[in-house]
Every structure is written in C-alpha cells, then in structure tokens.
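Take a look at the structure below.
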Amino acid sequence: MFESAFAEVAALLLAAALFGALALWLRQPLIIAFILVGILEGPAALGWVTAADQIDLLAKIGIALLLFVVGLKLDLRLVRTLGPLAVVTGLGQMTFSAGVGYLAARGFGMEFVAALYVAAALAFSSTIIVVKLLSDKREIDALHGRSAVGVLIVQDIVVIALLLTLTAFDAGNESIGPWEGAAAVLAKAAALLAALGIAMRYVLPALLRRVAASQELLVLFGIAWAVALAAGAEAMSFSKEVGAFLAGVSLASTPYREALSARLVSLRDFLLLFFFIDLGAGLNLGLLGAQAGVAVVLSLLVLLGKPLIIMLILGALGYRSRTGFLTGLSLAQISEFSLILAALGVGLGHIDAETTSVITLVAVITIGLSTYLTLYAHPLYERVGRWLTIFERQIPHPEETADETGASQTPDVILFGLGRYGGEIARRLRAHGWALLGIDFDPYVVAAGHKQGLNVRYGDAHDPELLLHLPLEHSKWVISTAPEREVNLALLSALRLHGYRGHVALRAHHVADIEILEGAGADLVLAPLRDGAREAVHLLTSRRHEEA
C-alpha cells in the first residue's frame, strides 16, 4: 500500500489524529481511539500496517520511557507508608484473580498449562494504563492513586520474578539444568543491582551535575539511560521493562527527577500511541471470533472481580469504601506484562496461538472498558456509594486521622488544599488568629501539617461524603485552593446540598473561570495571578509615591 515505512507511519499518525479528534468530540477516551486505529489499519481490516518492526520498536521505546518515569517517581517514603497496604492488597488480589481465572479456564476446557497462563495473565493490572489515566486526571498523588501504584509495584515485582523463573527453567535449554539456570539468573540479577548501586553512589550524582548544565542534554541523557538499561537488562535475559524501571529508580533520589519527569511526559505519550496502535493491529479477528465467548467471561471476571476483592481487602484494613472503589476501578484490566507472558509461553512451547488470542482479546476488552470506569469513577461512586458502606469497618479510617491537639477547636475556616498557595493562606490566617481546619489528599502534607501543630485531616474536595464528617455548622468560611474548576463547582454544589450557610471562597486557575465560579454562587474568587498582579502594582505605586 505504501512505498516506505515513513509514509506508513505518516498515515498512522494522521489516522490517529483524526480518530483522536473524533473521540474528543464524542467525549471518548483517546486510548480507545488509538486501539481502533490499529484494528482498522492492521491485518484484520485494511492491512495497511506492514512496517510492524518499526512500529513495534517505537512502542517498546514508549513503554521503556513510561516505566522510566514511573521509576523516577518511586519515593521510598511511599513504599514505607503504603508497604503493608500494597503487599496485602496486591497479593490478595492476584491470588483471587488467578484462582478464579484458572477455574474458569478449566471450565472452558483448557489444558492445565494453558489455564495456568490464563490465570497468571488475569492476575496483573496494567502499569501503562493506570499511570497514564491517573496522571491525566491528576489523581496519581491522591490516596487511591498512591494505593494503586503501590499495588502495581507489588504486581510488577511478582510478574518479573515469574518471567525470570520461566526463563531460568526453560525446558528447551539442554546445556544446563533448570536449577543451574535459576542460579545463573539470580547471579545476573545480583550483579545488575550491585552495578546500579555503585553507579548511584559514585557515578550518577557527579555526572548529572555536569549534564544538568543543559536542559536538552539532561533530557537526552535520561532517554539514553532508560533505553540503555532496558537493552542491558534484555541482554542479561531480563525484560526491557525491568531495566527501564530500574533506570528511573536509580535517578529518583536526585534533584533532577522532577525536571526529567516533566520534560519526558509529551515524548512518552507520543510513543505510547504506537503501543496502542500495535496492540490493535496485532489482533487476529479470525482466531478471536472463536474465542469471543471465553474472552467476554474472563473479562467480566477482571472488570468485576478485581474491584470487588480490592474493596474487601481495603475495607478489612480500615479504609473507606470510596478509597477501595476508586482503587479497584483503576486496576480493573490486565497488564501489558500479560501479553509479554503469553508471548514467552508461545516461545517456550507451553501454549498455542488460540490461548494467546484469548489473552489478547481480554486485554483489549478490559483496557477499553476500564478506561471508561477510571475516567468516570467519581460519578459512578456518587450513584452507588450508599450501597458500598458494607465494605467498611466501623472503626476510624486510616486516611481520616486528625491532629488530636487541635481537633477540639471549632474552626472558623475549613481550607481544602495545603500546597504552596493553600499553605501560605493557612499560615497567614493563623497569624491573624483564625481557627483553621485543613484538608488535603496528600498524606505527606497531612503529616507535615501535624508536625507544625495544624489541625489537618486527610480528604478530597471532590468527595461528597467527607462533608458529613466536617463541622460545617460552625465554620464561617470554606476555602478551596484546588485549581480545577470542576472540583470547585462540585464542592460548591455539595455544600449547598448539606445546607451550609457560611461563605465560600474558590480558586480560579484561569481568567475564564472567574466569571463561571462567581455565577455559580461563590462569595469570593481567589485568582492568584490576578491578585498577585494587583498587589505588585499596589506596591510599585506606593513606592513611587514615597519617592515623590
């Protein structure tokens, strides 16, 4: 169809842009549009995709950059804080999903080994999908976002161990025995981690100080480091994903991680486009048709079973049903590692193309539908939340701990958001003698507020249930410093429903939002850029009059 791979990629990009624009117009997720582009232009439909190797390469670089960015954001404090939650929830969910998946696969007549592969594939959730969607929604730092990422880390460790085990015990390797192979893999892993530890201690800090003199060179180094470690891990019989993730972890403790992460987001999203196109183009509709019934049943087990077991586990740990619901919906799909596992199984001769087609179709179905579930998780919870309290324990929830030293004081102001802007407002209000109750969804901000003697609770301005636990009847002002217009409008609406009679101040991130928030009934609109400019002009004018 096309004379060169360049022309083919150009056609793919044009089709992706067209379908993406159509998806935005129809208010549909872009991920779905990109998968449809792959199906339409792949062998199953028009057959335009012939440069599969080039597209696959771009897709793999995109995955490597995604996992590199995930590694960059891996904070040891997060691991310490959410470690028990992540381990218990991750292992519990994987055990449940794998067990139910195995029984279902056997019920459909699959052989023992094929059923094991299907069970393993259903156990894991997609780091690519979850991180991208939560990042797009700016919920990666919310408690349910942190919980989901913690569970994903546990899952990734397990699936990497599984991939290494299958590689080590490859029955087709006749030169060494399985135990010798396992020992060799462990030795390579120890060598890789030791080399990385030495680089983190003695090489990377000095190297990065020199490289960071140029932002362009810093970004180039980050990409090169991620891809190089991915290639090195693959050469040592590990997966590329492991190497890219470790590359990010090795730079996570440096002061340059935020700059790298911010500058790589656009490139990461562009290259991930090819992952979704490649996923759609790889579908064989001929094989999928015969396996559609099996795939639909397995997909329902993932879409319904994973959120259910996660809500049960988090409820048993003392978390609210909202946290469990949002965490569970975000993880209701199978992983890209599931496809890698299936490909390895075919290469080892453990499973056939039909089993692979079932896993691939389940991936497409669950990724597609879980995208909608994640994007509309908050409205869904508003509809069904009243019935989900059965998952909660009748104890104080971990995410609602308040500072005992200030909890008894009736607040004059309830302030949502204690970041740089909100934190400064809180300090100045306290200096003027106002009694303050702060609300923030970042556990670290809450902990820092407690150390400073603030009355702070964990909470989210978008959570309507939170207002039931707040002393609204005694508060003169409710202030939100959240920059999102939708969050502020939802908070204003919820306050009205709860009969709040005090004043409301909302933050406007854009000039166009000021009129909308005022029209919705906000008593005061805080516009940091506008207000800052006014204060600057006032100071300059006062200084000029003094000099005159």
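The values are calculated or read from the model by the stated rules, or taken from the named source; none is laboratory data. What you see is a predicted model; the values in this text were computed from it and never measured. FYI the Cβ positions are ideal-geometry reconstructions off the backbone, even for glycines, and counts take in every protein chain you see.
When LEU429, LEU466 are checked against the criterion of being within 22 Å of TYR319 (Cβ to Cβ) and out of contact with any helix residue (DSSP H, G or I) (no Cβ under 8 Å at 6 or more places or on another chain), LEU466 stands alone in meeting it. Residue count for the stretch 419-456, restricted to those that are part of a loop (DSSP other than H, G, I, E, B), free of Cβ contacts under 8 Å to residues at least 40 places away in the same chain and either outside the structural domain of LEU470 (by TED's automatic domain parsing) or in contact with a Ser or Thr (Cβ under 8 Å, 6 or more places away or on another chain) (or both): 1. Selection within the stretch 462-481: residues that are at pLDDT 75 or above and among the aliphatic types (A, V, I, L, M). The member of this set that is surrounded by the most Cβ atoms within 10 Å (Cβ to Cβ) is VAL478. Reported count of residues in the stretch 501-513, each being surrounded by fewer than 18 Cβ atoms within 10 Å (Cβ to Cβ) and at pLDDT 85 or above, is 3. Of the residues making up the stretch 383-407, those that are crowded, with 16+ Cβ neighbours inside 10 Å, modelled with pLDDT of 60 or more and outside any loop (DSSP other than H, G, I, E, B) are GLY385, LEU388, PHE391. Check whether at least one residue in the stretch 519-528 is at pLDDT 85 or above, on the phi > 0 side of the Ramachandran plot and assigned by TED's automatic domain parsing to the domain that holds VAL413, and report yes or no. There is at least one residue in the stretch 519-528 that is at pLDDT 85 or above, on the phi > 0 side of the Ramachandran plot and assigned by TED's automatic domain parsing to the domain that holds VAL413.
Counting the residues of the stretch 222-245 that are more than 21 Å from the chain's Cα centre (by Cα) and either among the basic types (Lys, Arg) or not assigned by TED's automatic domain parsing to the domain that holds VAL211 (or both) gives 0.
Results for (1) closer than 28 Å to PHE275 by Cα; (2) modelled with pLDDT of 85 or more, shown as yes or no for each residue.
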{"position": "LEU22", "(1), (2)": "yes, yes"}
{"position": "GLN28", "(1), (2)": "yes, no"}
{"position": "VAL49", "(1), (2)": "yes, no"}
{"position": "LEU76", "(1), (2)": "no, no"}
{"position": "SER97", "(1), (2)": "yes, yes"}
{"position": "ALA105", "(1), (2)": "yes, yes"}
{"position": "PHE108", "(1), (2)": "no, yes"}
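I'd like the residue in the stretch 408-422 that is of a type in the set (Gly, Ala, Ser) and more than 25 Å from LEU326 (Cα to Cα) and, out of all such residues, is surrounded by the most Cβ atoms within 10 Å (Cβ to Cβ).
That would be GLY422.
Listed by first and then second residue, the pairs with beta-carbon distance under 9 Å, at least 6 apart or on different chains, first residue in the stretch 517-536 and closer than 15 Å to ARG485 by Cβ, second surrounded by 15 or more Cβ atoms within 10 Å (Cβ to Cβ) and acidic (Asp, Glu), are VAL525/ASP513; ALA527/ASP513. Within the set of pairs 6 or more residues apart or between chains, which connect a residue that is assigned by TED's automatic domain parsing to the domain that holds ALA120 inside the stretch 96-109 to a residue that is surrounded by fewer than 18 Cβ atoms within 10 Å (Cβ to Cβ) with Cβ atoms less than 8 Å apart? If the second residue must be surrounded by fewer than 18 Cβ atoms within 10 Å (Cβ to Cβ), the pairs left are ALA104/VAL297; ARG106/PHE112; PHE108/VAL297. Listed conditions (1) modelled with pLDDT of 85 or more; (2) assigned to a helix (DSSP H, G or I) are all met by PRO84, apart from (1).
Number of residues in the stretch 466-496 that are assigned to a loop (DSSP other than H, G, I, E, B) and under 28 Å from the mean Cα position of the chain (by Cα) equals 4. Per the conditions (1) in a loop (DSSP other than H, G, I, E, B); (2) more than 13 Å from LEU415 (Cα to Cα), the sole criterion not satisfied by LEU529 is (1).
Filtering the stretch 308-324 to residues that are surrounded by 24 or more Cβ atoms within 10 Å (Cβ to Cβ) and assigned to a helix (DSSP H, G or I) leaves ILE310, MET311, LEU314, ARG322, THR323, GLY324. Consider the stretch 423-444 and keep the residues that are under 25 Å from the mean Cα position of the chain (by Cα) and buried (at least 20 other Cβ atoms within 10 Å of the Cβ). The one that is nearest to THR323 (Cα to Cα) is PHE441.
If you check LEU273, LEU260 for being under 18 Å from the mean Cα position of the chain (by Cα), closer than 16 Å to ILE63 by Cβ and at pLDDT 75 or above, only one passes: LEU273.
Scanning the stretch 364-382 for residues that are of a type outside the set (Ser, Thr, Tyr) and either closer than 22 Å to ILE140 by Cβ or modelled with pLDDT of 85 or more (or both) yields ILE365, ILE367, GLY368, LEU369, LEU373, LEU375, ALA377, HIS378, PRO379, LEU380, GLU382.
Condition check for GLY328 on (1) in contact (Cβ under 8 Å) with a residue 40 or more places away in the chain; (2) at negative phi: one failure, at (1).
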